[in-house]
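Notes follow the structure.
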Amino acid sequence: MDRGWLLGHFKPEDDPRHSTDVEIKWGTHPPGDERAEWAVGEKRTALLVLISGRFRLKFPDGDVVLAEQGDYVVWGPGTDHSWIAEEESVVMTVRWPSIPGYAVGS
């Protein structure tokens, strides 16, 4: 129902998973799954860690491929990005701060 988001601003305020400081997501992606459109005008910092599979992050300056368990990438505010799961993949995303916006179709 929350598309894998475990905590963040979008959880009810009386829920211990509510946070405006950080968002955490456990994402499971079938092969070929990709972000519907590029995230632009990003105001947060993000960390994406590969749990399993092969996952490509797309950035204007070039792609980063996460291929080994524990591979990760961090990007900061103002960094446009997109992604594609090259294999069935599980990733954990941490973003901070947790602020509204940025949702797109999957």
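Of note:
- Two-site FRET efficiency, TRP96 against ASP33, from Cβ-Cβ distance with R₀ of 25 Å, rounded to 0.05: 0.55
- Measuring nothing but protein heavy atoms, the accessible surface of the chain at 1.4 Å probe radius is 53 percent carbon and sulfur.
- Calculated FRET value between ARG17 and ASP71, using beta carbons and R₀ = 30 Å, to 0.05: 0.65
- Put simply, the amide H of ASP33, placed in the peptide plane, has neighbours under 5 Å in ALA85, leaving out anything fewer than 5 places away on its chain.
- Here ARG3 and ASP61 are evaluated by their C-beta separation; at R0 = 25 Å the FRET efficiency comes out at 0.35.
- Sorting 31-37, 76-82 by average packing, meaning the other beta carbons within 10 Å per residue, from highest down gives 76-82, 31-37.
- Rounded to 5, percent antiparallel among DSSP beta bridges of the chain: 95
The values are calculated or read from the model by the stated rules, or taken from the named source; none is laboratory data. Keep in mind that this is a model prediction, so the values were computed, not measured. Positions of Cβ are backbone-derived with ideal geometry, glycine not excepted, and every protein chain shown enters the neighbour counts. These area figures cover heavy atoms from the full protein model, side chains too; ligands, DNA and RNA do not enter into them. Shrake-Rupley method; radii C 1.70, N 1.55, O 1.52, S 1.80 Å.
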